[in-house]
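Q: Below is the structure I would like to discuss, written out as structure tokens.
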Amino acid sequence: MNQAESKKQIILDIATRVFSKYGYSKTSLDEVAEEARIAKGTIYYYYKNKQELFLNVVATQAAQFITEIRRQLKEQKGFENKLRFFILAPIKYICNDMQIWLDGLKNLPFNYGDEFDDFHKNIRGHMLEILQEIISEGIAEDMIAKDIPHDRLLEVINDWFLVGNAPLMFTDFNALLKRIERDHEIIVQLIMYGIVKRG
């Protein structure tokens, strides 16, 4: 990593910390510059404005999110355990570790909505790919009934757990997290009894 890339990364790391602490609306580039011990103009050398810096923070967190989900998924053995993990872990990760993303959904200026939607579509694509791998493993293990439309199953599971099309615009994240933790075992059982090959 050269000096310019290093400085850009330092700004990104500091901005992540400041946005996490104060939220999008209450964070200024002055605060980021002060925390990074650089001139404010240095930030403008790498990022056009606060919105662009914020979107870069979100993009970095989104990439880390996918990497972490894939890493933890490798630790799960067998179709059922992987399906359980997929249903519970992503929403917990988003609620606990990606508050910046959720804050951005509420506070990013409207004219940046398209860029934010692009991140969401990118995440959805990765999550569908991961889920496809899990379902394929279930098919390979001869656990999934042949008459289940696998493509629709992917969408239903993905969309229900908010990493797909459903927007993450909730006001009470603790209640959402408790609901997911409370219901995920039942939902897994419903899914399993509905899709597991019988006989």
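Q: Which ones in the stretch 119-140 are more than 22 Å from A59 (Cβ to Cβ) and among the small types (G, A, S)?
A: S136, G138, A140
Q: Now, a different point. Among the residues of the stretch 73-103, what is the count of those that are assigned to a helix (DSSP H, G or I) and within 14 Å of the chain's Cα centre (by Cα)?
A: Selection size over the stretch 73-103: 17.
Q: Please count how many residues of the stretch 5-46 are free of Cβ contacts under 8 Å to residues at least 24 places away in the same chain and closer than 22 Å to Q64 by Cα.
A: Total meeting the criteria: 10.
Q: Please determine whether any residue of the stretch 154-161 is part of a loop (DSSP other than H, G, I, E, B), surrounded by 16 or more Cβ atoms within 10 Å (Cβ to Cβ), at pLDDT below 85 and of a type in the set (A, V, I, L, M).
A: no
Q: Shifting gears a bit: Could you list, in sequence order, all residues of the stretch 23-39 that are assigned to a helix (DSSP H, G or I) and surrounded by 14 or more Cβ atoms within 10 Å (Cβ to Cβ)? Break it down stepwise before answering.
A: Taking the stretch 23-39 first, the residues assigned to a helix (DSSP H, G or I) are 23-26, 29-36.
Hits for the stretch 23-39 are G23, Y24, L29, E31, V32, A33, E35, A36.
Q: Yes or no: F65 crowded, with 19+ Cβ neighbours inside 10 Å, more than 25 Å from E141 (Cα to Cα) and in the same structural domain as L131 (by TED's automatic domain parsing)?
A: Yes; evaluated as a whole, the condition is true for this residue.
Q: Let me ask something additional. Restricting the search to the stretch 116-138, which residues are surrounded by 15 or more Cβ atoms within 10 Å (Cβ to Cβ) and modelled with pLDDT under 85?
A: F116, F119, H120, I123, R124, listed by residue number.
Q: All but one of (1) under 23 Å from N122 (Cβ atoms); (2) surrounded by 14 or more Cβ atoms within 10 Å (Cβ to Cβ); (3) not aliphatic (A, V, I, L, M) hold for N49; which doesn't?
A: Only one criterion is unmet by N49, namely (2).
Q: Taking the residues in the stretch 40-53 that are in a helix (DSSP H, G or I) and in contact with a helix residue (DSSP H, G or I) (Cβ under 6 Å, 6 or more places away or on another chain) as candidates, determine which candidate is modelled with the lowest pLDDT. Outline the logic, then answer.
A: Just the residues of the stretch 40-53 that are in a helix (DSSP H, G or I), to begin with: 40-46, 50-53.
Those left that are additionally in contact with a helix residue (DSSP H, G or I) (Cβ under 6 Å, 6 or more places away or on another chain): 40, 43, 46, 50-51, 53.
Values: K40: 95, I43: 95, Y46: 95, K50: 92, Q51: 89, L53: 94.
It comes out as Q51.
The values are calculated or read from the model by the stated rules, or taken from the named source; none is laboratory data. As the structure is a computational prediction, the values presented were derived from the model and not from experiment. Please note: Cβ atoms are built from the backbone with ideal geometry, for glycine as well, and neighbour counts cover all protein chains shown.
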